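Working notes, structure below.
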Amino acid sequence: MNSLEMHEIYEAETQIEYDEYEHEHEKFKVTDKASAEWCLRKIAAYKKEIQEDQDIVNAEIQRLNEWLNSVTWHAQERIDYLTGLLQEYLTKVAEEDPKCRSIKLPHGTIRFRKQQPEWQFDDEKILTWLKQNKPELVQIIEKYNKNDIKKLVKETGEIIDGVEIQNREDKFEVEVD
């Protein structure tokens, strides 16, 4: 942020604090293009300050993530290696004693755990087969297109049960360059 933008923030802070804490005088009001421009300059300076703060935080997050990765990758490699050794050991024990599925030790348990089969579906082939052989298993989902309904109401003026239109006030926006 350059010194001009810092000065813009200083001016805004001074005016806002004055308006908040001094009740005897009339608060600042936008009365013409010059005072509106004054507000826009202050908003632009605050937005730039926010963006700079976000950039600093994002850079710090990235730096910390890189640091975390650099200090944990070695430990994770060792964990993977030791896990492999434990798996080899339990496999060997299970071959000698097929009833042995786990070993409890003072610092943990190693085990083989049954898993559910993993199903993979090809939706297109399944739907084709179901339509021919088991049509009762095919779900038909009823949907409507909201844009088509809006178009219909605008074109015909027809009132559709379940559609309610609420007019809204204009939305105020501030765009700074």
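Any read-out appearing in this document is the output of simple, stated calculations on the displayed coordinates, not a laboratory observation. In this text, all values refer to a predicted model and were calculated from it rather than measured experimentally. Every residue, glycine as well, gets a Cβ built from its backbone with ideal geometry; the counts of neighbours run over all protein chains shown.
Work out the count of Lys pairs in the range 91-177 where the Cα-Cα distance is under 28 Å, with the pair 8 or more places apart or on different chains. Lysine pair count for the range 91-177: 15. The trypsin sites (Lys or Arg not before Pro) found in the range 90-134 that occupy coil by DSSP, while having at most 14 further C-beta atoms within 10 Å, are LYS99, ARG101, ARG113, LYS114.
Shown here: percent of Cα pairs over 21 Å apart, derived from the displayed model; of the candidates [x] 48; [y] 54; [z] 80, it corresponds to [z]. Considering only GLY84, GLY157, GLY108, the Gaussian network model of the chain with Cα springs below 10 Å gives its largest mean-square fluctuation to GLY157.
GNM on the chain, alpha-carbon springs under 10 angstrom: the most fluctuating residue among THR83, THR156, THR72 is THR156. Secondary-structure-derived ellipticity at 222 nm for the chain, considering helices only, amounts to -21000 deg cm²/dmol, per-run term -39500 (n - 2.57) for DSSP H runs with n ≥ 4. For a test of the definition: using alpha carbon positions, the gyration tensor, and the 1.5 limit on a/c, classify the range 87-177 as rounded, prolate or oblate. Verdict is oblate for the range 87-177.
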